[in-house]
1. So residue 170 fits all but one of (1) closer than 17 Å to residue 327 by Cβ; (2) in contact with a helix residue (DSSP H, G or I) (Cβ under 7 Å, 6 or more places away or on another chain); what number is the exception?
2. Evaluate the stretch 302-324: report whether one residue or more is surrounded by fewer than 19 Cβ atoms within 10 Å (Cβ to Cβ), farther than 23 Å from residue 245 by Cα and either in the same structural domain as residue 169 (by TED's automatic domain parsing) or at pLDDT 90 or above (or both).
3. Considering only residues that are closer than 24 Å to residue 185 by Cβ and modelled with pLDDT under 95, which ones fall in the stretch 68-87?
4. Determine, yes or no, whether residue 272 is in the same structural domain as residue 220 (by TED's automatic domain parsing) and out of contact with any strand residue (DSSP E or B) (no Cβ under 8 Å at 6 or more places or on another chain).
5. Quick check on this structure: which one of 34, 28, 117 is over 27 Å from residue 188 (Cβ atoms) and either more than 18 Å from the chain's Cα centre (by Cα) or at pLDDT below 85 (or both)?
6. How many residues, within the stretch 74-93, are more than 16 Å from residue 118 (Cα to Cα) and surrounded by fewer than 22 Cβ atoms within 10 Å (Cβ to Cβ)?
7. Can you tell me which of 290, 311, 243 is under 30 Å from residue 186 (Cα atoms) and either free of Cβ contacts under 8 Å to residues at least 12 places away in the same chain or in contact with a helix residue (DSSP H, G or I) (Cβ under 6 Å, 6 or more places away or on another chain) (or both)?
8. Being surrounded by fewer than 19 Cβ atoms within 10 Å (Cβ to Cβ), in contact with a strand residue (DSSP E or B) (Cβ under 9 Å, 6 or more places away or on another chain) and either farther than 30 Å from residue 55 by Cα or in the same structural domain as residue 270 (by TED's automatic domain parsing) (or both) is the requirement here; does residue 228 meet it?
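The values are calculated or read from the model by the stated rules, or taken from the named source; none is laboratory data. Note that this is a predicted model, so its numbers are computed, not measured. Every residue, glycine as well, gets a Cβ built from its backbone with ideal geometry; the counts of neighbours run over all protein chains shown.
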């Protein structure tokens with residue numbers, strides 16, 4: 001997960017629709033290799049331009065959050081990837097589900113790019129990649145242009161940090177010539193989610209909103225993720241509903257989060273469950289605030305407070321490998337909150 005970006009999403013001049021097309025014939029079941037085994041160039045349109053992968057990539061680099069999980073899930077080990085800077089339980093730059101996958105593939109940890117101060121272009125270049133995957137990212141045009149001097153880059157389809165886990169898999173797998181394998185990965189995860197959700201029927205139909213990191217020393221404002229953010233999008237996957245209050249606010253912006261005065265907290269009377277990052281101190285602060293305590297979800301103790309400094313804290317931001325790793329725990333917490341809301 002990236003460090004929390006600024007509230008305003010960087011706008012792009014033109015938001016292009018997601019299209020994946022072959023320059024000659026559509027990829028067959030072997031990905032972008034035709035019946036003769038030759039590579040068929042793949043063209044990907046995204047928010048920052050159009051990228052053509054002319055030849056089959058052998059050295060894959062990824063930047064920003066979670067893009068490396070797509071090739072790993074498909075059995076391809078990147079030559080370099082961004083070091084984890086959120087939820088890293090042992091400070092080695094690799095999240096536990098990624099570490100497990102590397103062990104499964106009997107692979108060493110790729111070169112880790114330190115993105116604390118932004119993309120390390122020199123480190124990326126040193127890995128000599130044939131393609132750079134960034135379907136889920138916050139790239140700005142300058143970043144994209146610089147990376148494109150190193151290798152073809154696949155950026156996000158519409159909004160920075162707004163690519164769903166499905167689209168992340170679709171774009172990144174297509175760039176690898178593994179579109180069919182990517183589709184199978186998506187289908188498998190959808191089946192797994194469906195089976196897990198069925199074990200928690202109380203979640204179905206409950207409305208949920210995700211508060212951004214709450215400052216317990218200043219509860220005069222309420223910040224929350226809009227439906228443009230992947231955390232809120234994941235609610236739909238697991239049977240939760242978007243409250244009308246959040247849907248209406250989201251319709252008026254392309255930003256992934258918004259901030260309202262706590263005096264407007266009654267606007268969220270249609271919220272059954274609140275998800276946020278924090279611990280018991282946060283829940284206690286919400287329950288003790290004269291305004292926020294009137295929100296039904298707070299009044300009913302239907303608050304899921306995820307530990308932001310542990311792997312579980314990443315559960316709300318679904319990625320190709322983390323979904324299986326954290327799904328049951330996340331759903332159990334949501335189910336407990338939903339029970340309180342009833």
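1. Of the numbered conditions (1) closer than 17 Å to residue 327 by Cβ; (2) in contact with a helix residue (DSSP H, G or I) (Cβ under 7 Å, 6 or more places away or on another chain), the odd one out for residue 170 is (1).
2. The answer is yes; a qualifying residue exists.
3. 84, 86, 87 - these are the residues of the stretch 68-87 that are closer than 24 Å to residue 185 by Cβ and modelled with pLDDT under 95.
4. no
5. Answer to the check: 117.
6. The qualifying residues number 11.
7. 311
8. Considered against the rule, which asks whether it is surrounded by fewer than 19 Cβ atoms within 10 Å (Cβ to Cβ), in contact with a strand residue (DSSP E or B) (Cβ under 9 Å, 6 or more places away or on another chain) and either farther than 30 Å from residue 55 by Cα or in the same structural domain as residue 270 (by TED's automatic domain parsing) (or both), residue 228 comes out as no.
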